[in-house]
Structure formats: C-alpha cells, structure tokens
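The values are calculated or read from the model by the stated rules, or taken from the named source; none is laboratory data. All values reported here derive from a predicted model rather than from experimental measurement. FYI the Cβ positions are ideal-geometry reconstructions off the backbone, even for glycines, and counts take in every protein chain you see. These area figures cover heavy atoms from the full protein model, side chains too; ligands, DNA and RNA do not enter into them. Shrake-Rupley method; radii C 1.70, N 1.55, O 1.52, S 1.80 Å.
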Amino acid sequence: MDRNNPAKAVKAAVETAAEKVTDVLTPDVPGAPGSAPPTVDEPTTPHDPLPLKKEQGTPETRTPTGAETGVPPTAKGQQGAYLTTSQGARLRDTDHSLKAGPRGPILLQDHHFREKITHFDHERIPERVVHARGTGAHGVFTGYGTAEPLTRAGFLKKGRETQVFVRFSTVLGSRGSADTVRDTRGFATKFYTDEGTFDLVANNMPVFFIQDAIKFPDIIHAGKPHPDREIPQAQSAHDTFWDFVSLHTEAQHHTMWNMSDRGIPRSYRTMEGFGVHTFRLVNDAGETVLVKFHWKPKLGVHSLVWEEAQLINGVDPDFHRRDLYDAIEAGAYPEWELGIQVFPDTPEETFAGIDLLDPTKIVPEELAPVQPIGRLVLNRTPTNFFAETEQVAFHVGHLPPGIDVTNDPLLQGRLFSYVDTQLTRLGGPNFSQIPVNRPHAPVNDMLRDGFHQHAVHAGVAPYRPNSLDGGNPFPAGDRENAFVDVPVTVAEAPKVRAAPASFDDHFSQARLFWLSMSPVEREHIIRAYTFELGKCYRQEIRERQLRCLANIDPVLCAQVAAGLGLPAPEPTVPLADVQPSPALSQVGREWPADGRMVGIVVDPDGDLDDVAQVRMAVFSAGMVPLLIGPHGGAVRGTPVQRSFATARSVEFDAILLAGAPAPAPDALPARDAKAGAAGSETVDPRVLLLVEEAWRHAKAIGAWGAGAEVLRQAGVAGTPGVVSGDSGGDVLADVQSLMAAHRVWQRFPASVG
C-alpha cells in the first residue's frame, strides 16, 4: 500500500476489488474458535485431534536441559482419537460416576472420578500478586547490528533471528478483571537466545511509582482493592491509592502518566514499552555504556477515550487480548522496534543532570535519541493459555553475556523478588523446565531434584570440582562467551537506609510531562484526576493531592480543584523550569491503520454490491471489516458479523454507513435497551446510537447514498471527521486518511492551552 498517499491506495484497491469480487465470504473475519468448522450434530466418528489453527504457535520441543528433540510441536499435545486416563487407559464413559446402583452412593474405587476431580481441584495455581491479568503471543526478534559496537550480546547482531514470547498485562487487577481499566501495563519479553534466556521485563510507562524496591508492597497494597471489602477491582480511583501517592510524593510522576491517555491504551499493538531501569552494556573489549530500553510500536501510540473504555469493560472485558489474537490471525502482525538511549558510563551515573539510577525519572528523547537496534514481530498465538501465558516466568536477572544490571535500588530488589515469587507460583525451583520457560541454549547447571523435576540427570558428581564425572561441567571463560559481571567499583560508604539527594526531586518531571501534552491530552488528564479523586471518600485525601498538583502546574491544579468543588492551594515549592518533550505526546503524527476494525452498516434495501466492493477494499488496505445488519446470519445473501443488537461502537475504529436501515423487528426497548435511544420512525435507533457514540469518541465516520440520512438524523453531518459521498470507495479513502491520525481531535476544541 502507498503509505504516502493512502487515499490513492484505497481507491486503487476499490477498483481492483470491483473486478475480483466473486465471494464475499473470503477472506475470513478473525475470531474463529477452532481450526475446523463444527457440525450441527455431535461428531461420533473417531479421529485424531484437529491441527492447530494457522495463527497458533507453541514452545519449541526442547528437553528440560535445552537440547532440540526434532519432534513436531504437536507431540506435546493430546494424542490419539480416544479418551483415556492420565496413564493412557482408554475410557468408555466420563459422564457418570461409578455408584452402588443407579441411585446409590459413589464408590471409592472409582479411580477415574477421583483423578478427574482431583486434577480439576488443582487446576489453578496462585495468580500473580501483580500483573495477574495478562495475555501473550509468540514471535521473532531480528537484530539490526547497530548495537554490536556496544554489547557482545549475540542476539543483537545484524540479521540474527531469536524466538520470543511476549506477555502483556495490567498491574492491579485480578485474573478475572477487565482489560481496559486505567492502569499501568506490563510488556515482558522472553528472548530465547542461544547464549541463554534474556527477559526484558518492561512497562508501558518509563517511570515507576517508587524509587526503592522495599516500598513495592506498600504501593501495591495501596493500589489493590481495600482489604476489608475487596473493592474496587482493578482501579486506582479509591482512597488507599491516593492516600499513599499524595503522601509519598515520589509517585507523582508515574501518577501523571497513569492519569494521561497512556493509562488506557487502545491496543497492546499501539502501546509503547520501556525497560524503566538503566542497564549496563559491555562489548568484547570490556568497554561499557549505560542504556535505557524502549519498544516503539509500528502503528504508533494510541489510547482509548474514557467513556469508550468504560463501555468496553462491560461490553467486552477481553477487548485487548481479543484485539491481539484477532490481529495475528488476520495477518496484521503486531510489530515494534527495540531501541536504546545510550549514556556514558561515568562514576556519577547521571546524564544532563538526571540521575540514571532513579526509576521515577526519564531522559527526554530530545536529549538522548532512541537508537533502533532490532525489530519484534508477533506472529503466533498460544496453543494453550495456561501452559504458556499463565506459566511463563520472567526475571530481570535472566541476562545474556553483554547485558548487566546497575545499582538502581528498585532493580536490585527485583533481582531477588522474581525468583522468590516463582517458587510459590510454579511449585518449586524447577520452573525453568516448564516448556515455555525452557532455554534454547545448552543447560548444565548442577541443580538437582526438587518439585517437578523433568530432567533425568546422569552422572554422580553434581558438584565442582569433581573427577568422577571427568570434571564436567567446566567453567567458561571469555573465549567461551561467559557471562560478564562488570567489575564496577563500589564506593566505600557506611551501611545506611537512605537515598541520594538527587532522588528528592519529585515534581519537575511530572511538570515536564504535563507541559509536553497537547491541549486535548491535558483535558483528558484533568478529567482523569477529577474522576479518580472524586471517587475518594475522604476530602482530606483530595486536598492533599491538590497540594501535589499545585507543585506541578497551577492550571492543572485549578481545573481539578474546580471539578472537586475545592479551593486550589498555592505551590509549596518553586515550579520547575523545564523544556517540553514533544516525544511524550501521542497527538500530531500519522500512522498506518493496519489491523484496524471498520464497521459497515448495511441496509437490506441498499446496494449490497457496493458493500461487497468496499468490504474487499478494507481487507486490501490491511484492515478488518465487520458488516452490521438488522439481524444475524445474512442479509440478502451477504453474511453479517454483527447485528444492530450485538454491535457497539467501541468495537470499531471507524464507522461506514451504506444505507439508512429502517427499525428492525427487534428494535424494542423491552428487548434491547439500546433501542430506547432517541430516534425516528425511519432509521433503527441502534444505528443512530452507534453513530452518536463513535462521534463522541472522536472516530472517523463516513456515509454514501442513503447513509447520509443517518448522519443528518444523528445531528453529526458536516462536523469534523464526518464525510459523505456518492460512492463507497471515495468515502472509504477519506475515512482512512482521517484514521491515520487515530482520532478526529479537532472535533472537540480544548479549553486549556
């Protein structure tokens, strides 16, 4: 597609599609639950398990000690056509327990019942204390070679391909919470390098709430549901969170990020990632630099608007994981570039006056540009969510030769915490032998026995030195590319519980972030603070947080105070003199629309040939069309994926109106509450609601033919980002041009500069 002229590209796609449309069923819309279509009747002819879906992947078939087995990935899955016990004995019945007569008690000898129920009782492992709600995918990372002068890490060499598994997550919610809550997101990547596993355990925000790991239980206890009532779930809009961050002001910078649009990403595919900490790279010559890691999404950084996120939490709490899996299935593979900010490795470990060991600080990209060093593409979904996504174990101490840690006090604490956590969650010290965690490098670690030991170790001398096993395993040196613990000098100092003076600045970078936002983003931040603080019960906490906002920016503080009905306090410290960083804003650039969802409203009395051409043109443009009709099934032979009853605007990035459908028979408020929306007798009220919601959420809307009447009745005709025309192809071209900016922000002028 011509990225420089999307309108021209879409028009060309329409013309091509018009010549080639023969079957509106092809290509398929993503989301099919199985690899083969089911039958209406229960299948009764035995056959082997169905193959994996085309978009699914699975961990490589390695032994517990990292060797290739050569067997296909499906060898780890279920085998054969018949139901068996866990030991392979075939079963004739799994629907009835063994009883003393049809109405009698269950017998103790029913080994199948006991095995089945016992395993079910223990299906769940303890969920993660944080990052419990997550999803994952397999992919490949390709090094650019640009990092070779800085690090000996082989996976970053030019053209080197490394298999990866990535897990995205929210921080505060339980496994059963919703995806689109306002929260920090995890972006953890496991690189299966041939020199050992590297885990880059990142977040979608470059700073954290705290500067020292000893305070991690405090911030999580404050952010989690209140312990007395276990509410609210997956939210920071409550007293304990704001009590903590208003008292512990080093959290103010991260809180500002969380109250911005970054707290509610549109998709994992449009989410930036940051390693948060400063790491140390070492090259073959022993030279070192300090770096910060960045993931830059190909599609740009985009977010949901607040009302949209709230609707999604009810309509589709799995929105982000569904979006990720559907995009991979549709071939719109999510893609990021890995980049680094590079700093001299000086004894002070500072850059431009910024302490590089303070995890609540960033270095603006204008001061230290992000240098691309590799490309990540996610191209396979998990085969089994529990075995892969739920059991994957990350650790910031999983480092290959060439990458080392620094003395960041938050990072230092994480080096202990991650292993300690896996021992409980995954049942013992052998969690690295779970298939998704197995390294792709030879393992000879002298670690033996313990719960869930899958390896069958040979030899009699798992110790060093030894002669009984011929001295094996042997230490490696530089020639064998051994891991390097960089010999950094530790200054002589007393043992104290303290932080450096540079950690005392808690407001300047929060002010930097605020001043870097566009007017519309500032409006969203004001609304977020007002909403969250408005949900607090205690006025004292609101007042205390307003004092923090006064030290960040007087306009921000005054606007939030007005929304809370409280006076705006004066700053207690001088306002920092900082330069805005344009790189922090999400607004003002254009991005590809790959994998975006386009809803097309069809009218049974309209021109469905034109709809078929537009549908194929949307596919050709790398997006996914969903046809919305008055009922399920098909409309005059054209299959629809949503009905007026099941569709909601939050599913779509843009809406196209191919007609003005009359109210359907089920447009009854007693049957569908959405049908109670204000409307007319000529257009289905749920279509009007669909358009009105999309308009409120600043999405592009287009109509042709009779569809223009819907725009008129919805009261949005002629407003910014709403287009109409004589043909679907022309309208689609205009709409895609608008989608490049993600939202039509000019529809809602901001009141703050």
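Just checking, how many residues over segment 400-431 are within 21 Å of Gly66 (Cα to Cα), within 26 Å of the chain's Cα centre (by Cα) and surrounded by fewer than 20 Cβ atoms within 10 Å (Cβ to Cβ)?
2
From Gln79, Gln87, which residue is modelled with pLDDT of 85 or more, polar (S, T, N, Q), loosely packed, with under 15 Cβ neighbours inside 10 Å and farther than 22 Å from Phe394 by Cβ? Quick ask: steps written out before the conclusion?
Values: Gln87 fails: modelled with pLDDT of 85 or more.
Every option except Gln79 fails the conditions.
Do we have Gly588 as on the phi > 0 side of the Ramachandran plot and either assigned to a loop (DSSP other than H, G, I, E, B) or crowded, with 17+ Cβ neighbours inside 10 Å (or both) here?
Working: on the phi > 0 side of the Ramachandran plot: yes; either assigned to a loop (DSSP other than H, G, I, E, B) or crowded, with 17+ Cβ neighbours inside 10 Å (or both): yes.
In short, yes.
From Glu55, Glu115, grab the single residue that is touching a helix residue (DSSP H, G or I) at 6+ places or on another chain (Cβ under 8 Å) and among the acidic types (Asp, Glu). I'd like the intermediate steps shown before the answer.
Working: Glu115 fails: touching a helix residue (DSSP H, G or I) at 6+ places or on another chain (Cβ under 8 Å).
Among Glu55, Glu115, only Glu55 is touching a helix residue (DSSP H, G or I) at 6+ places or on another chain (Cβ under 8 Å) and among the acidic types (Asp, Glu).
Tally up the residues in segment 323-338 that are out of contact with any His (no Cβ under 8 Å at 6 or more places or on another chain) and either open to solvent by less than 10 Å² (accessible area, probe 1.4 Å) or not in a helix (DSSP H, G or I) (or both), please. Walk me through how you get there before you give the answer.
Keep residues of segment 323-338 that are out of contact with any His (no Cβ under 8 Å at 6 or more places or on another chain), which gives 323-337.
Remaining after also requiring either open to solvent by less than 10 Å² (accessible area, probe 1.4 Å) or not in a helix (DSSP H, G or I) (or both): 324, 327-328, 330-337.
Result for segment 323-338: 11.
Does Gln422 qualify as being outside any helix (DSSP H, G or I) and of a type outside the set (Phe, Trp, Tyr)?
Details: outside any helix (DSSP H, G or I): no; of a type outside the set (Phe, Trp, Tyr): yes.
Criteria not met by Gln422.
Determine, yes or no, whether His238 is free of Cβ contacts under 8 Å to residues at least 40 places away in the same chain and of a type outside the set (Gly, Ala, Ser). Steps first, please.
Details: free of Cβ contacts under 8 Å to residues at least 40 places away in the same chain: no; of a type outside the set (Gly, Ala, Ser): yes.
Considered against the rule, which asks whether it is free of Cβ contacts under 8 Å to residues at least 40 places away in the same chain and of a type outside the set (Gly, Ala, Ser), His238 comes out as no.
Taking the residues in segment 339-389 that are under 18 Å from the mean Cα position of the chain (by Cα) and farther than 12 Å from Ala137 by Cα as candidates, determine which candidate is surrounded by the fewest Cβ atoms within 10 Å (Cβ to Cβ).
Phe386
Take the residues of segment 190-225 that are among the charged types (D, E, K, R) and in contact with a strand residue (DSSP E or B) (Cβ under 7 Å, 6 or more places away or on another chain): which is nearest to Phe274 (Cα to Cα)?
In the first step, residues of segment 190-225 are kept if they are among the charged types (D, E, K, R); the result is 190, 194-195, 199, 212, 215, 218, 224.
Filter again for in contact with a strand residue (DSSP E or B) (Cβ under 7 Å, 6 or more places away or on another chain), leaving 190, 199.
Working: Lys190: 15, Asp199: 13 Å.
The residue in question is Asp199.
Filtering segment 439-459 down to residues that are free of Cβ contacts under 8 Å to residues at least 60 places away in the same chain and open to solvent by 100 Å² or more (accessible area, probe 1.4 Å), which residue is nearest to Ala285 (Cα to Cα)?
Among residues in segment 439-459 that are free of Cβ contacts under 8 Å to residues at least 60 places away in the same chain and open to solvent by 100 Å² or more (accessible area, probe 1.4 Å), the one nearest to Ala285 (Cα to Cα) is Leu447.
Taking the residues in segment 390-399 that are more than 22 Å from Thr288 (Cβ to Cβ) and hydrophobic (A, V, I, L, M, F, W, C) as candidates, determine which candidate is surrounded by the fewest Cβ atoms within 10 Å (Cβ to Cβ).
Out of the qualifying residues, it is Ala393.
Say we look at segment 625-652 and pick out the residues that are part of a strand (DSSP E or B) and free of Cβ contacts under 8 Å to residues at least 60 places away in the same chain; which of these is surrounded by the fewest Cβ atoms within 10 Å (Cβ to Cβ)?
Applying the first criterion (part of a strand (DSSP E or B)) to segment 625-652 yields 625-629, 634-635, 638-639, 642-643.
Then drop every residue that is not free of Cβ contacts under 8 Å to residues at least 60 places away in the same chain, which leaves 627, 629, 634-635, 642-643.
Working: Leu627: 27, Gly629: 25, Ala634: 13, Val635: 22, Arg642: 20, Ser643: 19.
By that ranking, first place goes to Ala634.
Exactly one condition in (1) part of a strand (DSSP E or B); (2) free of Cβ contacts under 8 Å to residues at least 24 places away in the same chain; (3) of a type outside the set (Lys, Arg) is false for Ile117; which is it?
(1)
Can you find a residue that is in contact with a strand residue (DSSP E or B) (Cβ under 6 Å, 6 or more places away or on another chain) and at pLDDT 85 or above anywhere in segment 23-43?
no
Results for (1) touching a helix residue (DSSP H, G or I) at 6+ places or on another chain (Cβ under 6 Å); (2) within 18 Å of Gly606 (Cα to Cα); (3) modelled with pLDDT of 95 or more; (4) hydroxyl-bearing (Ser, Thr, Tyr), shown as yes or no for each residue.
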residue: Gly679; (1), (2), (3), (4): yes, no, no, no
residue: Thr682; (1), (2), (3), (4): no, yes, no, yes
residue: Leu688; (1), (2), (3), (4): yes, yes, yes, no
residue: Val691; (1), (2), (3), (4): yes, no, yes, no
residue: Gly718; (1), (2), (3), (4): no, no, yes, no
residue: Asp734; (1), (2), (3), (4): no, no, yes, no
residue: Ala740; (1), (2), (3), (4): no, no, yes, no
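Here is a list: Ile231, Ile220. Which entry is among the hydrophobic types (A, V, I, L, M, F, W, C) and without any contact (Cβ under 8 Å) to a residue 40 or more places away in the chain? Give the derivation first.
On the way: Ile220 fails: without any contact (Cβ under 8 Å) to a residue 40 or more places away in the chain.
When all the criteria are applied, what remains is Ile231.
Starting from residues that are in contact with a Leu (Cβ under 6 Å, 6 or more places away or on another chain) and part of a helix (DSSP H, G or I), keep the ones in segment 195-238 and report whichever is surrounded by the fewest Cβ atoms within 10 Å (Cβ to Cβ).
This residue is Ala213.
Kindly indicate whether Val555 is open to solvent by less than 50 Å² (accessible area, probe 1.4 Å) and touching a residue at least 12 places away in the same chain (Cβ under 8 Å).
Details: open to solvent by less than 50 Å² (accessible area, probe 1.4 Å): no; touching a residue at least 12 places away in the same chain (Cβ under 8 Å): yes.
Here the answer is no, as Val555 does not meet what is asked.
Within segment 499-574, which helices (runs of 4 or more DSSP H) (wholly inside it) include 2 or more residues that are touching a Gly at 6+ places or on another chain (Cβ under 9 Å)? Show your work before the answer.
On the way: elements: 508-516, 519-534, 539-550, 554-564.
Answer list for segment 499-574: 519-534, 554-564.
Do we find that Gly622 is open to solvent by less than 10 Å² (accessible area, probe 1.4 Å), closer than 22 Å to Ala698 by Cα, out of contact with any His (no Cβ under 7 Å at 6 or more places or on another chain) and assigned to a loop (DSSP other than H, G, I, E, B) in this structure?
When the stated conditions are applied, Gly622 does not pass them.
Among the residues of segment 657-667, is any farther than 19 Å from Met739 by Cβ, open to solvent by 40 Å² or more (accessible area, probe 1.4 Å) and not in a loop (DSSP other than H, G, I, E, B)?
No, segment 657-667 has no match at all.
Tally the residues that are open to solvent by 20 Å² or more (accessible area, probe 1.4 Å), assigned to a helix (DSSP H, G or I) and among the small types (Gly, Ala, Ser), restricting the search to segment 715-753.
Here the count works out to 1.
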